[in-house]
Amino acid sequence: MSDIYILGIETSCDETSASIVKNGREVLSNVISSQIDIHKEYGGVVPEIASRKHVELVIPVIDDALKLSGIEPSSLDAIAVTYGPGLVGALLVGVSAAKSISYGINKPLIAVHHIEGHIAANYIQSPQLKPPFICLVVSGGHSHIVLVSDYGEYEIMGRTRDDAAGEAFDKVARALGLGYPGGPLIDKYALQGNPLSISFPRVTFKDGSLDFSFSGVKTSVLNYLNSSSQKGEEINIYNVCAAFQSAVVDILVENTVKAAQKTGINKICLAGGVAANSQLRTTFSEIAKHNGMEFYYPSMSLCTDNAAMIACAGYYDFLKGNFADLTLNAVPNLKLGERFIT
Ligand code: KG4
Ligand code: ZN
């Protein structure tokens, strides 16, 4: 088979990104324009501002991705785009751009689930990786334990019952006055703190479910901060970060390892923005070594939103002939496993 070149487009949240990926795993370009500095002022992503910025940036970012890759639009084999889940206005910008290009150059359109993209980031990072494996997907909007039984085949084994892991990081960081996004800042502060200095709850469910709940630990941190300030006690931010992060990491690791043991699959992958967390990576590395498991995680830049992961996920749909048509729409609450195929 001749080489396959896919243009990936990602605009589901606050990153406008375009990428050209060859044969599903070789990234020729991956241009990411982040709006974090703009949203920082507001302490979180403002959907209307995100959509407007995507409109300004999407074409220049796609142009840059094509130029950097040295690939002419006519040499593209398909256009893969995130169509959900995410902010509807933001998603629509990428979907509209992808549909226009697909129509203009008469090449197939592929509709990609954002989380499938995050999972696929592992294929780019570790070209030898093949399913089946267990993937812990942890981002600002998701916390899922996913059994990836084959390319494009997913079963959710555990999910959050309230806040996503990244959301909990962002909310705790906001309460501590650290800024946005909170995950990287808590990660940094935690390095200088003592995780055993404060005990925050680790929630597991009695029914044997591998679901998560992070609102308890978040509330517990907020209560700790309130009662400390009422008592006039000085708050050690480093210790709060270290203790909170440990509580979240412990439960993420415990449930993911249980999922691996339950299925007899000894390969674990991480995906999503929270997968950039240093303690999460170190803890998984140690546990995997101890239990004779293989452990994979994407580089920092492939953990957070980017279009290379979307092009990579789209490649496996391309091989199966799973194409969308020009009626494709953004689906803000798209479920994993649902797909738009014509
Ligand atoms: O995957 P992502 O870029 O966007 C979503 O699809 O949500 O994830 C963003 C999330 C944010 O909540 C951010 O605080 C978190 O990932 N994050 C981290 C770290 N880096 C980013 N959380 C913990 N530790 C980090 N080092
Ligand atoms: Zn994401």
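Could you order peptides 194-200, 4-10 by the average number of other Cβ atoms within 10 Å of their residues, highest first? Don't jump to the answer; show the numbers that get you there.
Values: 194-200: 15.3, 4-10: 27.3.
Top to bottom by mean Cβ count within 10 Å: 4-10, 194-200.
Please report the relative contact order for the range 131-298, taking Cα pairs under 8 Å with a sequence separation of at least 6, and give it as a percent rounded to a whole number.
27
Sort 319-328, 126-135, 139-148, 230-239 for me by packing, meaning the mean count of neighbouring Cβ atoms within 10 Å per residue, highest on top. Numbers along the way, then the final one.
Numbers: 319-328: 14.7, 126-135: 17.0, 139-148: 24.1, 230-239: 11.9.
Top of the packing list down: 139-148, 126-135, 319-328, 230-239.
Give me the percent of DSSP beta bridges within the chain that run antiparallel, rounded to the nearest 5.
The antiparallel proportion sits near 60 percent.
Compute the helix-to-body angle for 165-175: its Cα long axis versus the longest principal axis of the chain, expressed 0 to 90° and rounded to tens.
60
Please report the net charge: other residues with Cβ closer than 9 Å to the Cβ of LEU109, K and R +1, D and E -1.
Neighbour charge sum, excluding LEU109 itself: +1.
Can you give the FRET efficiency for GLN128 and SER75, using 1/(1 + (r/R0)^6), R0 = 25 Å, r = Cβ-Cβ distance, to the nearest 0.05?
FRET efficiency, GLN128 to SER75: 0.35.
Would you mind pulling out the separation of the Cα centroids of the range 97-156 and the range 225-259, in Å?
Going from one Cα centre to the other spans 31 Å.
First select every other residue whose beta carbon is under 14 angstrom from the beta carbon of ASP163; then total the charges, Lys and Arg +1, Asp and Glu -1. All intermediate terms of the calculation are to be shown ahead of the outcome.
Details: positive: ARG159, ARG161, LYS171, ARG174, LYS218; negative: ASP162, GLU167, ASP170, ASP211.
Net of charged neighbours comes to +1.
As a test of understanding, state the convex hull volume per residue of the range 131-298 from its alpha carbons, in Å³.
Working: hull volume 18.2 nm³, N = 168.
Dividing the Cα hull volume of the range 131-298 by its residues yields 108 Å³.
Pairs of Cα atoms under 8 Å, at least six residues apart: use those to get the relative contact order of the chain, whole percent.
About 25 percent, as a whole number.
Run the quick spin-label model on SER285 and SER215: label points 7 Å from Cα toward the beta carbon, then report their separation in nm to one decimal.
Modelled inter-label distance: 3.6 nm.
If a paramagnetic tag sat 7 Å from the Cα of SER299 along the Cα-Cβ line, which residues of the range 24-41 would have the backbone N under 19 Å from that point?
Answer for the range 24-41: 24-34.
Would you mind checking the range 94-131 for residues with the amide N under 11 Å from a putative spin-label position 7 Å along Cα→C-beta of LEU326?
99-106
Sequence neighbours fewer than 8 away in the same chain don't count; with that in mind, list the lysines whose C-alpha is under 17 Å from LYS67.
LYS22
Sorted by packing (mean other beta-carbon atoms within 10 Å per residue), highest first, where do 300-308, 112-120 land?
Per-residue Cβ counts within 10 Å, averaged per peptide and sorted highest first, yield 112-120, 300-308.
Cut-off under 16 Å on the C-alpha distance; same-chain residues fewer than 8 positions from LYS258 excluded. Which lysines are left, in chain and number order?
LYS206, LYS267, LYS289
I want the antiparallel fraction of DSSP beta bridges within the range 131-298, as a percent rounded to 5.
60
Sticking with the crude label model, points 7 Å out along Cα→Cβ, report the distance from LEU68 to SER227 in nm, one decimal please.
With each label placed 7 Å out from Cα toward Cβ, I get 4.9 nm.
Read-outs: derived from the displayed coordinates by stated rules, not from any lab. Treat the numbers as computed from the prediction; the structure is a model and nothing was measured. Quick reminder, even Gly has a Cβ in these numbers, built from the backbone with ideal geometry, and neighbours come from all protein chains shown.
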